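Computed from the coordinates by the stated procedures, all read-outs in this text should not be read as laboratory data. Keep in mind that what you see is a predicted model, and the values were worked out from it rather than measured. Cβ coordinates were reconstructed from backbone atoms using ideal geometry, including for glycine residues, and neighbour counts include every protein chain displayed.
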Amino acid sequence: MGKVLVLALVGILAALLGERLMEFRCKLNGSRELEPVELPNCHLIKGIERGAEDIDILPDGLAFISSGLKYPGLKTFAPDKPGEIFLMDLNDENPRAVELRISRGFDLASFNPHGISTYIDKDDSVYLFVVNHPEFKSTVEVFKFVEDENSLVHLKTIRHELLSSVNDIVALGPDHFYATNDHYFSDSILMYLELFLGLTWSNVVYYSPTEVKEVASGFYSVNGINISLDKKYVYIADLMAHHIHVMEKHANWSLTQLKVLELDTLVDNLFVDPYTGDIWGGCHPNGMKLLFYDPENLPGSEVIRIQNILSEKPTVTQVYAENGSVLQGSSVAAVYSGKLLIGTVFHRALYCEL
């Protein structure tokens, strides 16, 4: 009788594991293949060889690009080289990427930049917030941009127990922001176990010097975050759930869910067009190829544009789709005056004229 019970338990566990594997593969879009959608006027950006995980563009066309992310379990082409921040002036006829100098005293050797966000203060000072993972921990670095010198002056490093596994950030002022924690655990093994089990434990945190609090929770794998042009709504990408959440922002900075947009792709970072309010997403069409990197079966790239997200029937357009032969693992798409930048987690970056 004891042996029968053991066999029954083994059978149940095997069935549960098999079901979980199938669900995990489904969440990663493991069977999806792309039909290409090409753009006619594109070229790879010279000098960006190790990713452009996130991009933010100022109203005057200056684009900030974070490069060199090393993330547990994901491919990197230069594991020993520190990260960089690049600048492109999209007003130039042939814009090029220039690495920004960072002020002395900042630990460049451990710089591992992830999501970024800009904020322009009342005196026109430009602040750049950068999610950083020194030694695979999470901090938020605040810089002041000095345009005349093409440099960043490091102002402060922010650490907090609620900022435990930060992925992306949206600046709300010179010293406060929303940040997404893409996992509950910070240990890499537990992070992937959390994903495999489908635990909805990731969240969004509001930070200010006087108050730090969780403002939204219950996400599978919360990732990119941005804010509407009128500052009334916050857009949050849940990568593994294939969702974009529209949250209403309140006076006390808390968030309540207004609606959920369901998609058929893994949305990474979100960019809001400063003229139209349209949302642009860099997406992973097949997460299996991203997570289990194979040079013979490369992760593709996909860009979507979402118009009228607050309406009953938003318009979702696939703007770009490619199988990885040009661009591997797209994570962000940002637009300015008919120009499109597409960044990746660890590969190259693409400049297109729309």
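The lone criterion from (1) more than 15 Å from the chain's Cα centre (by Cα); (2) under 24 Å from Asp278 (Cα atoms) left unmet by Ala237 is number (1).
I'd like to know if segment 305-327 contains one or more residues that are among the aliphatic types (A, V, I, L, M) and surrounded by fewer than 18 Cβ atoms within 10 Å (Cβ to Cβ). Yes, some residue in segment 305-327 is among the aliphatic types (A, V, I, L, M) and surrounded by fewer than 18 Cβ atoms within 10 Å (Cβ to Cβ).
Yes/no per residue for (1) out of contact with any Asp or Glu (no Cβ under 8 Å at 6 or more places or on another chain); (2) surrounded by fewer than 16 Cβ atoms within 10 Å (Cβ to Cβ); (3) within 30 Å of Leu28 (Cβ to Cβ):
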position	(1), (2), (3)
Asn167	no, no, yes
Pro174	no, no, no
Leu190	yes, yes, yes
Phe196	yes, yes, yes
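Being under 17 Å from Lys339 (Cβ atoms) and among the basic types (Lys, Arg), is that true of even one residue in segment 108-128? No. Does Glu211 qualify as being surrounded by fewer than 16 Cβ atoms within 10 Å (Cβ to Cβ) and charged (D, E, K, R)? Answer is yes for this residue. Scoring Phe86 on the criteria (1) within 23 Å of Lys46 (Cα to Cα); (2) of a type in the set (Phe, Trp, Tyr); (3) outside any strand (DSSP E or B) leaves a single failure, condition (3). Contact annotation: residue pairs with Cβ atoms under 7 Å, 6 or more positions apart or on different chains, pairing a residue in segment 150-162 that is in contact (Cβ under 8 Å) with a residue 12 or more places away in the chain with a partner that is exposed (fewer than 15 other Cβ atoms within 10 Å of the Cβ) and part of a strand (DSSP E or B), are Asn150/Val98; Asn150/Arg101; Ser151/Arg101; Leu162/Glu214. Regarding segment 173-185, can at least one residue be identified that is closer than 20 Å to Met247 by Cα and among the aliphatic types (A, V, I, L, M)? Checked segment 173-185: at least one residue is closer than 20 Å to Met247 by Cα and among the aliphatic types (A, V, I, L, M). Of all the residues that make up segment 329-354, how many are within 15 Å of the chain's Cα centre (by Cα) and either polar (S, T, N, Q) or not in a strand (DSSP E or B) (or both)? Number of matching residues: 8. Of all residues in segment 247-255, none are in contact (Cβ under 8 Å) with a residue 12 or more places away in the chain and under 15 Å from the mean Cα position of the chain (by Cα).
Taken over segment 145-163, residues that are closer than 24 Å to Lys81 by Cα and in a strand (DSSP E or B) amount to 9. Please work out if Ile309 is farther than 22 Å from Ala63 by Cβ, part of a loop (DSSP other than H, G, I, E, B) and not acidic (Asp, Glu). Criteria met by Ile309.
Candidates in segment 15-68 are the residues that are polar (S, T, N, Q) and more than 15 Å from His284 (Cα to Cα); of these, the one that is farthest from the chain's Cα centre (by Cα) is Asn41. Residues in segment 132-144 that are without any contact (Cβ under 8 Å) to a residue 60 or more places away in the chain and part of a strand (DSSP E or B) were compared, and the one that is surrounded by the fewest Cβ atoms within 10 Å (Cβ to Cβ) is Lys144.
Residues checked against (1) touching a Ser or Thr at 6+ places or on another chain (Cβ under 7 Å); (2) small (Gly, Ala, Ser); (3) under 27 Å from Gly73 (Cα atoms):
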| site | (1), (2), (3) |
| --- | --- |
| Asp92 | no, no, no |
| Arg101 | yes, no, no |
| Ser110 | no, yes, yes |
| His114 | yes, no, yes |
| Ser117 | no, yes, yes |
| Ile120 | no, no, no |
| Thr139 | yes, no, yes |
| Phe145 | no, no, no |
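Going through segment 115-144 one residue at a time, which ones are among the hydroxyl-bearing types (Ser, Thr, Tyr) and more than 17 Å from Val205 (Cα to Cα)? Of everything in segment 115-144, those that are among the hydroxyl-bearing types (Ser, Thr, Tyr) and more than 17 Å from Val205 (Cα to Cα) turn out to be Thr118, Tyr119, Ser125, Tyr127.
So which residues in segment 97-123 are surrounded by 14 or more Cβ atoms within 10 Å (Cβ to Cβ), of a type outside the set (A, V, I, L, M, F, W, C) and out of contact with any helix residue (DSSP H, G or I) (no Cβ under 9 Å at 6 or more places or on another chain)? Glu99, Ser103, Pro113, His114, Gly115, Ser117, Thr118, Tyr119 - these are the residues of segment 97-123 that are surrounded by 14 or more Cβ atoms within 10 Å (Cβ to Cβ), of a type outside the set (A, V, I, L, M, F, W, C) and out of contact with any helix residue (DSSP H, G or I) (no Cβ under 9 Å at 6 or more places or on another chain). Name the single residue, out of those in segment 292-346 being of a type in the set (D, E, K, R) and touching a strand residue (DSSP E or B) at 6+ places or on another chain (Cβ under 7 Å), that is farthest from Asn41 (Cα to Cα). The residue in question is Arg305.
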